[in-house]
Amino acid sequence: MKKPLIVQKFGGTSVGSVENIQKVAKHIIEAKDDGNQVLVVVSAMAGETNRLVDLAQQVDSVPNARELDVLLSAGEQISMALLAMTLNKLGYAARSLTGGQAQIVTDEKHNKATIEDIDTQGICTLLDQEQIVIVAGFQGVNRNGDITTLGRGGSDTTAVTLAGYLGARECQIFTDVDGIYTCDPKVVHQAKKLSTIDFLSMEEMAKRGAKVLHLPSVKYAQKHNVPLRVLSTFKNSSKGSFVTGQQAPDGICGIALQDEMQLIDVDNTLIASLLAQCHMLGIAIWNTTESKNTTQFVVKHADYIKLKLTLSEKMHTASLVNLITVVGSMKEISEDKIRAILSENGVKIIFYTLNIRYFTVAIRPEEVDKVANILHDIYIDSAVVIER
Ligand code: ADP
Ligand code: ASP
Ligand code: MG
């Protein structure tokens, strides 16, 4: 009888040092010794992708997209090889594969590619030979054979997609926290761990900045029924959080934080050229606020740098902001109440948007910790907690 398959993904901190890679190896060996086939996806060592981006930007503030992918994909190759060596040394057969070697085929979009197909034959052969297969996360090749990457945080998507193609029993995302919380636990210390969370809520959290899961990984898992769990590499006792269920319950499910956003002011007469430029460069606009003569747009800081090259004289002011989004059903939310409480605490709201599934406040970056804790206190700690 064929053994069940477990896919395990280890993020940057988990593979951040040779010492931590030993801890990663333990989890893999445990799953293997339990009688599973094991496929592992790894990220680059902590800080490595940022280091490579920084190197590229020292050469060119907007580096050639194809070459950037060649550079960034190297980060994951380092960790996959170190992990395979570690497992070999411990007496376990392991083989590392780049995205291309794993036959992960993506579309053409350098730096933000989407996986289109995976020919899993080679991987299956290795797994059937009792090898532990280690695949470099975040990368694939397009139909021309050029290396592509999936966008920052994309290793989660590699893992979930491979789990889907291979019919894995579970896709386990190992990271530096022990599950999905009501807010980033590094910012809000009393955030609560959710033992389960439904796909809709998780998707909204990921969309609004909760980077614990890469948004496309959540969408893929939902569409293809991939059992998806987030758990800690370092804390053995916890079962983590399981993403399951299609129905979002009533009430607030969590708070998502998005940093490094850029607010830009554009003359209303120039909106058409800004929109055309954003469309051409594939830049997402997060929020628009119109006033009499100008319109404020919010884009990611990295995208703003691209826009600046062509539109600098048309953009008046640009400042960094953080977005804090309260996710969940918005029946009970009063804009006046939020404005009053934040104002009492000396917080200036740069803009505010309310939607049926969330509300967002934009604030100055230095106020994130304060505002996240205030909003968590009001909408989660003081509210009835729904254990999911
Ligand atoms: P990895 O390198 O393992 O992929 P990431 O940094 O991409 O790790 O994602 C894990 C981090 O996500 C956590 O360390 C935490 O700071 C952050 N995070 C943000 N929102 C949440 C949340 N709601 N629950 C858990 N972690 C969160
Ligand atoms: N190494 C890539 C990044 O830092 C991909 C990932 O970690 O998932 O974004
Ligand atoms: Mg990540």
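When you restrict to C-alpha pairs under 8 Å that are six or more residues apart and normalise by the size of region 190-299, the relative contact order lands at 26 percent. Secondary-structure-derived ellipticity at 222 nm for the chain, considering helices only, amounts to -10500 deg cm²/dmol, per-run term -39500 (n - 2.57) for DSSP H runs with n ≥ 4. The length gained by stretching the chain between ILE78 and GLU313 to full extension, at 0.36 nm per residue less their Cα-Cα distance, is 80.4 nm. Past the 31 Å Cα-Cα mark, which pairs from LYS32/LYS207; LYS193/LYS223; LYS223/LYS300; LYS89/LYS219; LYS192/LYS306; LYS9/LYS308? Check vs 31 Å cut-off fails for LYS32/LYS207; LYS89/LYS219; LYS192/LYS306; LYS9/LYS308. Once backbone amide H atoms are built at 1.01 Å from N, ILE134 has VAL40, ARG95, SER96, LEU97 as its partners under 5 Å, excluding neighbours fewer than 5 places away on the same chain. Taking trypsin sites (Lys or Arg not before Pro) across region 16-51, none is in a DSSP loop with at most 11 further Cβ atoms lying within 10 angstrom of its Cβ.
Taken about its Cα centre, region 204-249 carries a charge dipole of about 80 debye when Lys and Arg each add +1 at the Cβ and Asp and Glu each add -1 at the Cβ.
Considering only alpha-carbon pairs that sit under 8 angstrom and 6 or more positions apart, the relative contact order computed for the chain is 14 percent. Loop-located trypsin sites (Lys or Arg not before Pro) in region 200-270 (DSSP state not H, G, I, E or B) with no more than 13 neighbouring Cβ atoms inside 10 Å: LYS235, LYS239.
Working note: Karplus 6.51/-1.76/1.60 with θ = phi - 60° gives region 360-375 the couplings 10, 10, 9, 9, 6, x, 6, 9, 4, 4, 4, 5, 4, 5, 5, 5 Hz, where Gly and Pro are set to x.
If you bin all the Cα-Cα distances of region 317-388 at 10 Å, starting from zero, the percentages per bin are 18, 55, 23, 3, 0.
Note on the chain: dipole from Cβ charges, positive end direction compared against LEU307, TYR358, VAL135; the farthest Cα belongs to VAL135. Each of GLN277, GLY328, PHE242 was placed along the dipole of region 239-388 (beta-carbon charges, centred on the mean Cα), and the one lying farthest toward the positive end is GLN277. Each Lys and Arg contributes +1 and each Asp and Glu -1, all at the Cβ; summed about the Cα centre of the chain, the dipole is approximately 460 debye. Looking at region 38-124, the accessible area is 48 square angstrom per residue; that uses a 1.4 Å probe and ignores ligands, DNA and RNA.
How far is helix 301-311 tilted, in degrees, relative to the longest principal axis of the Cα atoms in the chain, given as a value from 0 to 90 rounded to the nearest 10? For 301-311 against the chain, the angle is about 60 degrees.
Accessible surface of the chain, 1.4 Å probe: 51 percent of it comes from carbon and sulfur atoms.
Within the straight-line cut-off of under 18 Å between alpha carbons, the aspartates and glutamates reachable from LYS3 are GLU30, ASP33, ASP34, ASP128, GLU130, GLU170, sequence neighbours fewer than 8 places apart in one chain being disregarded.
Applying the Karplus relation 6.51 cos²θ - 1.76 cosθ + 1.60 with θ = phi - 60° to region 54-66 yields 3J(HN,Hα) values of 5, 4, 4, 6, 5, 8, 7, 5, 10, x, 3, 5, 5 Hz, where x marks Gly and Pro.
Relative to the current alpha-carbon distance between GLU116 and SER382, full extension at 0.36 nm per residue lengthens the span by 91.3 nm.
To the nearest ten degrees, helix 155-166 and the longest principal axis of the Cα atoms of the chain are 50 degrees apart.
Dividing the mean sequence gap of close Cα pairs (under 8 Å, 6+ apart) by how many residues region 29-153 holds gives a relative contact order of 32 percent.
Extension gain, TYR352 to GLU67: 0.36 nm times the residue separation minus the Cα-Cα distance gives 98.8 nm.
Between the C-alpha center of region 234-262 and that of region 100-119 there is a gap of 27 Å. Modelled this way, with points 7 Å down the Cα-to-C-beta line, the labels at GLU290 and LYS331 are 3.3 nm from one another. Applying both filters, DSSP loop and at most 12 other Cβ atoms within 10 Å, to the trypsin sites (Lys or Arg not before Pro) of region 126-173 gives ARG143.
The values are calculated or read from the model by the stated rules, or taken from the named source; none is laboratory data. Since the structure is predicted, the reported quantities are computational estimates derived from the model, not experimental observations. Cβ: placed from backbone, ideal geometry, glycine included. Neighbour counts: every protein chain shown. In case anyone asks, the SASA skips ligands and DNA or RNA and just uses the protein heavy atoms, side chains included. Shrake-Rupley method; radii C 1.70, N 1.55, O 1.52, S 1.80 Å.
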